[in-house]
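Participant: I'd like to ask you about the structure that follows.
We did not get these values from a lab; they are worked out from the coordinates using the rules stated. The structure presented is a predicted model; accordingly, all values stated were derived computationally and were not measured. In this analysis, Cβ positions are derived from the backbone assuming ideal geometry, glycine residues included, and neighbour counts consider all displayed protein chains.
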Amino acid sequence: MTICYINGKYMPKIESKISIEDRGLNFSDGIYEVIRFKNKKLLNYKDHQIRLERSLHEIKINFPFASKKSVKIIISNLLKINSYENGFVYLQITRGTATRNHLFPKFSKPNVILSLYPEPNLSNLSKGVSIILTDDMRWKRCDIKSVSLLPNVLGKQFAHENGCYESWQMDKEQYITEGTTSNAFIVSGAGKIKTHPLNNKILGGVTRNTLIRVAKKKKIRIEEKAFSLKELINCEEAFLTSTTVGVLPVTKINNKKIKSGKIGNKTKILIEIYNEFLKNQLI
Ligand code: PMP
């Protein structure tokens, strides 16, 4: 039985309830965060905390906890109560419960939900995944980790129905923005590692940002520069990043192998560097 946290109470997830007037339900008026834990220790916590505060600020919801520490205390409690050793903390905050009206309610309190999910077995993905390309149909504030995920859901389902793990989305100029649940990277013919720059077209992935930082320390430069469809088709290697999968090799695009279809050397090195960085947080 999983115990979750909802609006100040710890209770079995199956018994937790939210009103039909929750603004997250009715207007996607909320934000969320996903944090990985290993051996019950949180990974990259500070970056998730900063992004959480930023998302709230951008959609004008006041920080709903007594202090920054309170969030960590709630998560620690959930980790203690629940048996999962490895998995993910899911945190969602909506503008609250109020009679349906697009305008912000004057007196509502945010609805706050925290819940844990066990780590799925991802070993079948580590050999490399296939991606499919789609148009980016999302809004102009993809930098906010909003619960409004319909285009992402449809994109991910489209990928799945076409035997792919992920869909990478293209803007009008045919530059790749990001995946539906991950950030996108290539290694170009000239050996340059590229990913879309941080702006309103992508989510500033914690894994993306961390990888760029730790690679730089090892003297590996990742250029924050958008790459085109043409560059993707001619790339040497590709990979994607997210909290749930870390750094994951991409070996096929639109059903065509990238080079030999094997994991590229630069990708292998970056996977190693990133995993080492995570491991050091467990000491
Ligand atoms: N882009 C999108 C659209 C996502 O949903 C995610 C996963 N939350 C990411 C990128 C990767 O972000 P992170 O590394 O913080 O999980």
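Participant: Could you tell me the ratio Rg/Rh of the range 3-118? Both radii from Cα atoms, Rh via Kirkwood.
Facilitator: We get a ratio of 0.97 for the range 3-118.
Participant: With axes computed from alpha carbons, what is the tilt in degrees of helix 150-161 against the longest principal axis of the chain, rounded to the nearest 10 within 0 to 90?
Facilitator: Computed tilt is about 50 degrees.
Participant: What residues have an amide H closer than 5 Å to that of G30, excluding those fewer than 5 places away on the same chain, when H is modeled at 1.01 Å from N in the peptide plane?
Facilitator: The answer is V147, S148.
Participant: Using the Cα centre of the range 235-283 as origin and beta-carbon charges of +1 (Lys, Arg) and -1 (Asp, Glu), tell me which of I263, Q281, T241 is placed farthest towards the positive end of the dipole.
Facilitator: I263
Participant: To continue, here is another question. Assuming a viscosity of 1.306 mPa s and a temperature of 10 °C, what translational diffusion coefficient in µm² per second does Stokes-Einstein assign to the range 148-194, Rh being the Kirkwood radius over Cα pairs?
Facilitator: Values: Rh = 11.7 Å.
Translational D for this selection: 136 µm²/s.
Participant: Let me ask another. Can you give me the long-range amide H partners of D135? Hydrogens built in the peptide plane at 1.01 Å from N, cutoff under 5 Å, separation of 5 or more residues or another chain.
Facilitator: Close amide H contacts, sequence-distant or interchain: M170.
Participant: Okay, next question. Which whole-number percentage describes the relative contact order of the range 3-118, with Cα contacts under 8 Å and a sequence gap of 6 or more? Write out the running numbers ahead of the final one.
Facilitator: Values: 184 pairs, mean separation 44.5, N = 116.
Over the range 3-118, the number comes to 38 percent.
Participant: Sticking with this one: For the chain, calculate the relative contact order in percent as a whole number, restricting contacts to Cα pairs under 8 Å that are 6 or more residues apart. Please list the in-between numbers first.
Facilitator: Numbers: 538 pairs, mean separation 49.1, N = 283.
Value for the chain: 17 percent.
Participant: Also, I was wondering about something else. With both partners inside the chain, how many of the DSSP beta bridges are antiparallel, as a percent to the nearest 5? Mind showing how you got there, number by number?
Facilitator: Numbers: 44 of 55 bridges.
Antiparallel: roughly 80 percent of the beta bridges in the chain.
Participant: Based on DSSP loop calls and a cut-off of at most 16 other Cβ atoms within 10 Å, the longest stretch of the chain free of exposed GluC sites (Glu not before Pro) is what?
Facilitator: The answer is 174-283.
Participant: At a 10 Å Cβ-Cβ cut-off, how would you order H196, H57, fewest neighbours first? Could the numbers behind the result be given before it?
Facilitator: Details: H196 20, H57 13.
Ordered from fewest to most neighbouring Cβ atoms within 10 Å, H196, H57 come out as H57, H196.
Participant: Could I ask something else about it? Under a Cβ-only charge scheme (Lys and Arg +1, Asp and Glu -1), can you give me the dipole magnitude of the chain about the Cα centre, in debye to the nearest 20? List each step's numbers first, then the result.
Facilitator: On the way: 47 positive and 25 negative charges, 167 e Å.
Charge dipole, the chain, about its Cα centre: 800 debye, nearest 20.
Participant: Per-residue ellipticity at 222 nm for the chain, helices alone: DSSP H runs ≥ 4 residues times -39500 (n - 2.57), over residue total, nearest 500 deg cm²/dmol?
Facilitator: Values: 7 runs with 78 residues, N = 283.
Computed mean residue ellipticity for the chain: -8500 deg cm²/dmol.
Participant: Taking Cα atoms, how many degrees apart are the long axis of helix 206-217 and the longest axis of the chain, rounded to 10 and kept between 0 and 90?
Facilitator: 50
Participant: Taking θ as phi - 60°, what are the ³J(HN,Hα) couplings along the range 115-128 by the Karplus curve (6.51, -1.76, 1.60), each to the nearest whole Hz, with x for Gly and Pro?
Facilitator: Values per residue, Gly and Pro as x: 8, 10, 10, x, 5, x, 7, 10, 4, 6, 8, 5, 7, x Hz.
Participant: How large is the charge dipole for the range 3-118, taken about the Cα centre, if only the Cβ atoms of Lys, Arg (+1) and Asp, Glu (-1) carry charge, to the nearest 20 debye?
Facilitator: Values: 20 positive and 9 negative charges, 69 e Å.
That gives the range 3-118 a dipole magnitude of about 320 debye.
Participant: Related question: Compute the Cα gyration tensor for the chain, then decide on rounded, prolate or oblate, letting a ≥ b ≥ c be the square roots of its eigenvalues: rounded whenever a/c is under 1.5, prolate when a/b is larger than b/c in the other cases, and oblate in all that remain.
Facilitator: Numbers: a/c = 1.97, a/b = 1.50, b/c = 1.31.
Judged from the Cα gyration tensor, the chain comes out prolate (a/c at least 1.5, a/b above b/c).
Participant: Using the Karplus curve 6.51 cos²θ - 1.76 cosθ + 1.60 with θ = phi - 60°, work out ³J(HN,Hα) for each residue of the range 52-61 in order, rounded to whole Hz, and write x for Gly and Pro.
Facilitator: 4, 5, 5, 4, 4, 4, 5, 9, 6, 10
Participant: Among residues other than A98 whose Cβ falls under 15 Å from its Cβ, what is the net charge (Lys/Arg +1, Asp/Glu -1)? Mind dumping the intermediate values first?
Facilitator: Values: positive: R23, K60, R95, R100, K106, K109; negative: E21, D22, D29.
Summing Lys and Arg as +1 and Asp and Glu as -1 gives +3.
Participant: Based on Cβ point charges of +1 for Lys and Arg and -1 for Asp and Glu, what charge dipole magnitude is obtained for the range 123-281 about its Cα centre, in debye rounded to the nearest 20? List each step's numbers first, then the result.
Facilitator: Working: 27 positive and 15 negative charges, 110 e Å.
It works out to roughly 520 debye.
Participant: What are the ³J(HN,Hα) couplings of the range 219-233, residue after residue, when phi is run through the Karplus curve with 6.51, -1.76, 1.60 and θ = phi - 60°? Round to Hz, x for glycine and proline.
Facilitator: 3J(HN,Hα) across the range 219-233, in whole Hz: 6, 9, 8, 10, 7, 8, 9, 5, 10, 8, 4, 4, 4, 5, 4.
Participant: Which percent, to the nearest 5, of DSSP beta bridges fully inside the range 123-281 are antiparallel?
Facilitator: Numbers: 18 of 29 bridges.
Taking every DSSP beta bridge within the range 123-281, about 60 percent pair in antiparallel fashion.
Participant: Another question, then. Based on a Kirkwood Rh over C-alpha pairs, give the Stokes-Einstein translational diffusion coefficient of the range 123-281 at 10 °C and viscosity 1.306 mPa s in µm²/s. The partial results should precede the final answer.
Facilitator: Numbers: Rh = 15.5 Å.
Taking Rh from Cα pairs, D becomes 103 µm²/s.
Participant: Along the charge dipole of the range 123-281, which of V214, S182, L203 sits closest to the positive end, that is, farthest toward it, with unit charges on the beta carbon of Lys, Arg, Asp and Glu (+1, +1, -1, -1)?
Facilitator: Value: V214.
Participant: Next question. Report, in listed order, any pair from K201/K225; K127/K156; K194/K266; K40/K216; K194/K259 with a Cα-Cα distance greater than 23 Å.
Facilitator: Long pairs (Cα-Cα over 23 Å): K40/K216.
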